[in-house]
Structures are given as C-alpha cells and as structure tokens.
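Only the coordinates and a few stated rules stand behind these numbers; no lab work does. Since the structure is predicted, the reported quantities are computational estimates derived from the model, not experimental observations. Here the Cβ positions follow ideal geometry from the backbone for every residue, glycine too, while neighbour counts run over all protein chains shown.
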Amino acid sequence: MARLTQNDKDRIEGLDSLGYTSREISEIVLGRGSRKSTVNDHLAKVEGEVSSYEVREDYNHTQVGPTSSVDNSRILNISDMHIPYHHPDLLAFLQHLKDKYNPTRIICLGDELDKHALSYHDSDPDLPSAGDELKASIPIIKQISEMFPVMDVLESNHGSLVWRKAKTHGIPRHYLKSYNDVLGVDDNWKWHFDMTIKLPDGSLCYYHHGKSKDVLKLTQQMAMSAVQGHFHEDFKIHYWGNPTGLYWGLQSGCLIDDDSYAYAYNNVNIKRPVVGTSLIIDSHPVLEPMVLSGDGRWRGY
C-alpha cells in the first residue's frame with residue numbers, strides 16, 4: 001500500500017467530498033488509478049473515525065424520552081463549535097436563539113472543543129499548544145454553561161480526543177478527570193455516545209455526532225427521524241416516507257470560524273462550511289443559518 005502524506009490525505013478527502021471516484025482520486029493524487037484501494041482504505045478509515053469513539057462506563061449511552069421528565073417541545077441543537085476556533089459571533093448567536101425560541105432542551109451535537117494540537121493528524125505549528133487551546137476554551141465554555149446550565153453533549157471525534165489518545169497510549173481511565181471537571185461544568189452537562197428521544201407527536205428521533213455521510217441513509221437505517229453534526233458543509237432537512245409515516249433527517253452545519261488556520265486542510269474543497277445550527281420545534285425540524293456579511297461576521301438577524 002502506498003504511504004500517504006498529510007497533503008495526500010487532505011486532497012483525497014477534498015476530492016471525495018466533490019464526488020470524484022476512488023480511481024479518479026488515485027490518478028490525481030497518486031498518479032496511478034490502480035492504487036484506488038489505497039484511496040478506499042483511507043476513506044474507510046476516515047469514515048470509521050466518525051463512529052468509533054470510545055464509550056466511557058460513566059456515560060449515558062442511549063436515553064429514550066419517556067423514561068425522563070425532559071421537555072422535548074423546543075430543542076436547540078448546538079452544532080459543532082470547535083472551540084477555540086469557533087465563530088467570533090458564536091455566543092451572540094446562541095443568545096439570540098435562546099431569546100427567540102426559549103428552548104426547553106439543549107443538545108450539543110459534539111465537537112464542542114476542537115483540540116487541534118491533540119489531533120492524530122499533523123497540527124499547525126503556528127497554532128496554540130494543547131494547553132493554550134484549553135486555557136482559551138474554558139472561558140467560552142463557562143459563558144455557554146451560564147447560558148445553558150443543563151445540556152446533553154454527544155461524544156465526537158474531536159470532543160473525545162483526550163480519551164481516544166489515552167487509550168492509544170495505554171493510560172487507564174482512573175488517571176483521567178471527567179470532562180465535566182476539565183471544562184468546569186457541573187453534572188447537569190451529560191455526555192452520551194448516542195441518544196434516542198421521544199418527540200411530542202409520539203415519534204422517535206435518533207441523535208449521533210455523525211454516523212453516516214448521508215443523513216437520509218441514517219434515518220432510513222434507524223427507521224426513525226435523525227439528527228447529526230460532523231459534516232460541516234451539509235445543512236439540510238431531508239424528508240422521506242413509507243407506509244408507516246413521514247420521517248426526516250436533519251444535518252446541522254457548524255459554528256466554526258472558517259478563516260482559522262485550524263481549517264486550512266479544507267482549502268482544497270470547493271464546498272465551504274455552512275455556519276448555522278438547528279432546532280426541533282413541536283416535533284418539526286428547523287434550520288437556523290448564521291447569515292454572514294462580506295467580512296464574515298454575523299448580520300445579527
């Protein structure tokens with residue numbers, strides 16, 4: 001198998017997102033279409049990272065709405081923030097949504113922190129260290145926790161990097177602080193690998209950080225409506241139906257600062273991240289884009 005450089009990996013992922021076949025990508029990046037298996041192996045590994053997060057024993061794996069008193073009538077889904085490389089208007093935008101919708105439940109779709117310096121991929125030497133990233137992130141998390149003191153948070157490829165790295169290097173869980181302790185939040189922030197909740201109309205809805213590139217496929221596989229993050233360039237609601245009812249898949253965009261060096265890998269893509277997030281209001285999915293002006297700042301409506 002050909003050894004891939006980080007640049008090769010970035011180009012492969014970028015071309016794949018544009019719809020090129022593995023043979024075409026192999027010819028462009030590796031110079032030989034016969035190496036398409038190398039491309040397929042890398043893409044399979046990337047796809048696997050989306051759903052192979054280690055689940056800690058103290059986390060809630062799946063929660064079904066009827067077993068709790070949680071009010072699911074107005075759910076605010078907070079898309080991938082990637083703090084400290086979040087959009088500069090993140091806090092103002094979240095406060096706007098809180099004021100506009102008065103949400104009864106908050107669910108973070110994962111990647112609450114970016115942890116660029118801890119990535120398994122090469123990190124940019126011009127960006128902060130892991131310690132400096134955390135120092136910059138904690139004040140933002142504090143403001144979000146004051147805004148939303150009760151929150152469900154999904155495990156994710158970036159958000160769970162500390163635990164993933166610890167496992168890779170053989171560090172037992174007993175040596176690790178809980179994420180609540182690290183972030184300075186109390187037990188009202190709860191982490192889940194995935195969630196299944198019951199909406200007010202009686203239908204079920206599945207939550208995962210990003211189990212499938214195609215949210216339509218995910219909702220059909222789960223046989224219920226579904227919400228996910230992870231795929232920054234996708235911001236959509238996809239409906240489908242069968243004899244048993246009408247279902248939808250909700251892909252929630254992201255809340256990142258696309259100009260940050262942390263996202264330089266994405267420059268090979270024509271598609272750009274869609275900055276925004278989503279809600280479920282009275283059992284119906286809603287998209288809320290953060291409409292930006294020419295300078296990349298939120299317009300405020």
Query raised in the report: Exposure proxy check: Glu233, Glu288 ranked by fewest other beta carbons within 10 Å?
Result: Glu233, Glu288
Report task. Determine, from the Cβ-Cβ distance of Ile270 and Gln95 and an R0 of 35 Å, the FRET efficiency 1/(1 + (r/R0)^6), rounded to the nearest 0.05. Result -> 0.60
Query - Sequence of Met147, Met290, Met195, Met81 once ranked by neighbouring C-beta atoms within 10 Å, starting from the fewest - result: Met147, Met195, Met290, Met81
Report summary line: Interchain or sequence-distant (5+) residues whose placed amide H lies within less than 5 Å of the amide H of Asp234 are Gly253, Val274
Query - Charge context of Leu113, other residues only, Cβ under 15 angstrom, K/R +1, D/E -1 - result: -3
**Report entry** segment 91-155, relative contact order [Cα under 8 Å, separation at least 6], %
**Finding:** 51
Report task. Note down the relative contact order for the chain as a percent, whole number, built from C-alpha pairs under 8 angstrom at least six residues apart. Result -> 21
Query raised in the report: Counting only DSSP beta bridges with both residues in the chain, what percent are antiparallel, rounded to the nearest 5?
Result: 55
Query raised in the report: Based on the alpha carbon coordinates of the chain, what radius of gyration and maximum Cα-Cα distance (Dmax) apply, in Å?
Result: 19.3, 58
Query raised in the report: What is the set of long-range amide H partners of Glu155 at a cut-off below 5 Å, with H atoms built 1.01 Å from backbone N?
Result: His192, Phe193
